[in-house]
Each structure stands twice: as structure tokens, then as C-alpha cells.
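Report on one structure; see the data block that follows.
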Amino acid sequence: MAGAGAAPDNGVSRFCPRFHHAVELIGRRWSGAIINAMLPGPQCFNELLVVIPGLSDRLLTERLREFESEGLVQRTVIPGPPVRVSYELTKAGKGLKPVIAALSEWAERWVEI
């Protein structure tokens, strides 16, 4: 029997750990903006900072490391001088394109600022 206010689940859990992990990952502060900025192609660190006003370099570094460890971003060192680092979405990261597009469309329709 379901608890007060809870919908019956007919023995099937509606909690999906993969979905939860994905939402937590792309729902973190600035994550959506970073992924959106990377969709057109490889970006250097400073290019991302310019494209996303208000994003700190500390937070960008943190998010890029998270995305890299999750397999969403590939980091490439470009020999110099000066040595540069480029970040590019992997196949998994590029798979977020329709998700970002759908969220953008939803925001245009429903979000007021």
C-alpha cells in the first residue's frame, strides 16, 4: 500500500538511477550553458569564458573535469608556443544536442526573465 499522498506504483519503481545521475550532471550550475557553447565544435578554455558571461574560470575548470570524467568531453593539448588546451564534446556529449535544443525551445515558450 502506498503512503499518504504517494501514487501506487503497482510494484514497479519509478526511480531510475541513470536518469537521476544524468539530470544531476547536466543540471548543475552552468553545465547546460557550457554544453550548449561546445555544440558548434572544439573550444579553448578562454573562448568558453568569453562565450558564457559570468562564468568563473574555477567553475569552468570544475565542470570540464566532471564532463571529461563522465565521458562527455575530450581534452586535447595543442603544442605551442604557447601550449593551448582544446575541449570537444565526445559522441556522448554531442548526443545531448536534441536535449539542449528541446530545453531551449521550452525555455523560449515558458520561461520569463
Query raised in the report: How much length is gained if the chain between Ala107 and Thr90 is pulled fully straight, taking 0.36 nm per residue apart and subtracting their Cα-Cα distance, in nm to one decimal?
Result: 3.6 nm
**Report entry** Among [x] 10.3; [y] 7.5; [z] 9.0, the entry that matches mean projected area of the Cα convex hull in nm² as calculated here
**Finding:** [x]
Report task. List the residues of segment 49-90 whose backbone N lies under 15 Å from a point placed 7 Å from the Cα of Trp30 along the Cα-to-Cβ direction. Result -> 49-68
Requested in this report: Considering Cα pairs under 8 angstrom that are at least six residues apart, work out the relative contact order of the chain and quote it in whole percent.
Outcome: 22
Report task. Rank these for me by crowding, Phe15, Phe45, Phe67, going from fewest to most other beta carbons within 10 Å. Result -> Phe15, Phe45, Phe67
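Values in this text are rule-based calculations from the coordinates and carry no lab data. Since we're looking at a predicted model, the values are computed, not measured. Note: ideal-geometry Cβ built from the backbone for every residue, glycine included; neighbour counts use all protein chains shown.
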